[in-house]
1. Hey, any hits in the range 123-131 for a residue that's of a type outside the set (Asp, Glu), modelled with pLDDT of 95 or more, farther than 27 Å from ILE26 by Cα and not in a loop (DSSP other than H, G, I, E, B)?
2. Quick one: in the range 53-70, which of the residues that are polar (S, T, N, Q) and touching a residue at least 40 places away in the same chain (Cβ under 8 Å) is farthest from LYS25 (Cα to Cα)?
3. From the list LYS3, LYS22, which residue is modelled with pLDDT under 95 and in a loop (DSSP other than H, G, I, E, B)?
4. Cβ-Cβ distance below 8 Å, separation of 6 or more or different chains: which pairs start in the range 105-118 with a residue that is within 17 Å of TYR35 (Cβ to Cβ) and in contact (Cβ under 8 Å) with a residue 60 or more places away in the chain and end on one that is outside any strand (DSSP E or B) and of a type outside the set (Phe, Trp, Tyr)?
Amino acid sequence: MKKIITLLVVAFIGFAVNAQEKVAKIEFKTNKVDYGTIEKGSDGVRTFEFTNTGDAPLIISRVYSSCGCTIPKKPEEPIAPGATGEIQVKYDTKRVGPISKTITVYSNAETPTVALRIKGKVVDADPEQSVMMKQKKGPTNN
C-alpha cells in the first residue's frame, strides 16, 4: 500500500511540474531607432528586430502608432521559440521637422505591451530653393 501511495505522490508531482504554463517572451535588439538627420522624401522604413526567448509561440496581435505619419507592419505568423522576427516602421518623410514617435506592440508575451520609439529630424533637401519658393508665393493668409 505504501508503494502505491508513493507512486501516486511521485506521479502527482510529475504532472504538477509539467503543468506549468509555457510562456512566450519578446526581446528586442533595441527599443529605439534614431533616424538621425535625413532629407525630405528619403526612405522612411526602419526595422526593429526581436527574438522569442520564451518556450511558447509568440503571437503579435497588434502594433499601434502614436501618429498617422508612422505606419508599423507586424509579422502575421506566430514566432516560434528561439526564432527571430521584425517589426517594420515607415515614417512619412515628406514632413520636415523633428521625429519623436512611439510604437506600441501588443502580444501574448510575458510582458504583453512593449513601447518602441523612433526619433530623428527630417530636413529639406535644398533649403535655399525652399526659401525662394516661399518668397515667390508671398505671405500666406491663415
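The values are calculated or read from the model by the stated rules, or taken from the named source; none is laboratory data. Owing to the predicted nature of the structure, the values given are computational and were not obtained by experimental measurement. Neighbour counts are summed over all protein chains in view; Cβ atoms, including those assigned to glycine, are modelled from backbone coordinates with ideal geometry.
1. yes
2. Per the stated criteria, the residue is THR70.
3. Just one listed residue meets the conditions, LYS22.
4. LEU116/ASN31; ARG117/ASN31
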